[in-house]
1. Kindly list the number of the only condition in (1) within 14 Å of the ligand (Cβ to nearest atom); (2) modelled with pLDDT of 95 or more; (3) not basic (Lys, Arg) that fails for GLU152.
2. Tally time: how many residues in the range 4-22 are under 28 Å from THR190 (Cβ atoms) and in a loop (DSSP other than H, G, I, E, B)?
3. Select from the range 163-197 the residues that are outside any helix (DSSP H, G or I) and touching a strand residue (DSSP E or B) at 6+ places or on another chain (Cβ under 7 Å) and write down the one among them that is nearest to the ligand (Cβ to nearest atom).
4. What single numbered condition from (1) within 13 Å of the ligand (Cβ to nearest atom); (2) hydrophobic (A, V, I, L, M, F, W, C); (3) without any contact (Cβ under 8 Å) to a residue 12 or more places away in the chain fails to hold for LEU121?
5. Is it true that some residue in the range 139-162 is closer than 21 Å to LEU31 by Cα and assigned to a strand (DSSP E or B)?
6. Contact list please: Cβ distance under 7 Å, first residue in the range 93-114 and under 20 Å from GLY129 (Cβ atoms), second residue of a type in the set (Lys, Arg) and buried (at least 24 other Cβ atoms within 10 Å of the Cβ), pairs at least six apart or on different chains.
7. Hey, any hits in the range 166-173 for a residue that's out of contact with any helix residue (DSSP H, G or I) (no Cβ under 9 Å at 6 or more places or on another chain) and not hydroxyl-bearing (Ser, Thr, Tyr)?
8. Restricting the range 112-135 to residues that are basic (Lys, Arg) and surrounded by fewer than 18 Cβ atoms within 10 Å (Cβ to Cβ), which is nearest to PHE165 (Cα to Cα)?
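The values are calculated or read from the model by the stated rules, or taken from the named source; none is laboratory data. Remember, predicted model here, so these are calculated numbers, not experimental data. Backbone-built Cβ (ideal geometry, glycine too); neighbour counts: all protein chains shown.
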Amino acid sequence: MTSAKRGLFISLEGGEGAGKSSQAQALKALLEAKGFSVTVTREPAGCPLGQRVRELLSDPSLELNARSELFLFVAARAQHVAEVIRPALERGEVVICDRFDDSSIAYQGYGRGLSLDDVRLANRIATQGLVPDLTVLLDVPVETGLARKQGENAPDRIGQEGAEFHERVRQGYLAMAGEEPERFLVVDGTIPPEEITRTIWRRLEPLLLG
Ligand code: TYD
């Protein structure tokens, strides 16, 4: 197996129904075919604590305010970084993470209206400074994304939010991508999935082989 030097950390971000999980699988297949060792994981459910947190978050009988919601996601992230992401990077693997710290900025910051600085601070505590080498933002119009999600299992508390909430999330992501163009790659999530994978690969190749 070819190992990326010190591993490479890729996060996939986007609103509801952006197609992140299919891209994670497509990228894994592509990278493995090229000889890389790949770990695909996700937030919040990428470790046992995160799975429990996800259950708490989707329990409609629990009262959760925006701050407690933030801390639940961040607690899952702290554990996920220590238990899954850092060890895989230390093994020299490519880690593809379906949602990471930018999700908290987009959803709890821009979406719920918490202070962006507070969310960034909470993220820093959880990640201990781990920053993705590349963050792919799959951008889809809110109506398209929500329509794709229709018919899935019972919507969680965030999926139930109105279109205005999801529009704030989308604009928040685009603002973050505009601020950090060297880390973000924004891809139109409505183009054919194979084309999305090819676009991501073009940006990824020099990072892996360079
Ligand atoms: P989930 O069904 O686990 O994943 P996805 O929607 O990505 O397929 O739901 C995760 C939900 O939690 C999703 O609506 C985004 C939201 N979320 C936050 O609000 N903040 C966060 O920090 C993370 C990681 C997710």
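1. Against the list (1) within 14 Å of the ligand (Cβ to nearest atom); (2) modelled with pLDDT of 95 or more; (3) not basic (Lys, Arg), GLU152 comes up short only on (2).
2. Of the range 4-22, the ones under 28 Å from THR190 (Cβ atoms) are 8-22.
Going one step further and asking which of them are in a loop (DSSP other than H, G, I, E, B), we end up with 14-19.
Selection size over the range 4-22: 6.
3. Restricting attention to the range 163-197, the residues satisfying the condition of being outside any helix (DSSP H, G or I) are 180-192.
Still in the running and touching a strand residue (DSSP E or B) at 6+ places or on another chain (Cβ under 7 Å): 183-189.
Values: ARG183: 17, PHE184: 17, LEU185: 18, VAL186: 18, VAL187: 16, ASP188: 19, GLY189: 13 Å.
Checked the range 163-197; the qualifying residue nearest to the ligand (Cβ to nearest atom) is GLY189.
4. Going through the list (1) within 13 Å of the ligand (Cβ to nearest atom); (2) hydrophobic (A, V, I, L, M, F, W, C); (3) without any contact (Cβ under 8 Å) to a residue 12 or more places away in the chain, LEU121 breaks only (1).
5. We begin by selecting, within the range 139-162, every residue closer than 21 Å to LEU31 by Cα; these are none.
Scanning the range 139-162 turns up no residue that is closer than 21 Å to LEU31 by Cα and assigned to a strand (DSSP E or B).
6. ASP101/ARG77
7. Kept after step one, since they are out of contact with any helix residue (DSSP H, G or I) (no Cβ under 9 Å at 6 or more places or on another chain), are these residues of the range 166-173: none.
Checking the range 166-173: not a single residue is out of contact with any helix residue (DSSP H, G or I) (no Cβ under 9 Å at 6 or more places or on another chain) and not hydroxyl-bearing (Ser, Thr, Tyr).
8. Just the residues of the range 112-135 that are basic (Lys, Arg), to begin with: 112, 120, 124.
Then drop every residue that is not surrounded by fewer than 18 Cβ atoms within 10 Å (Cβ to Cβ), which leaves 120, 124.
Working: ARG120: 20, ARG124: 25 Å.
Among them, the one singled out is ARG120.
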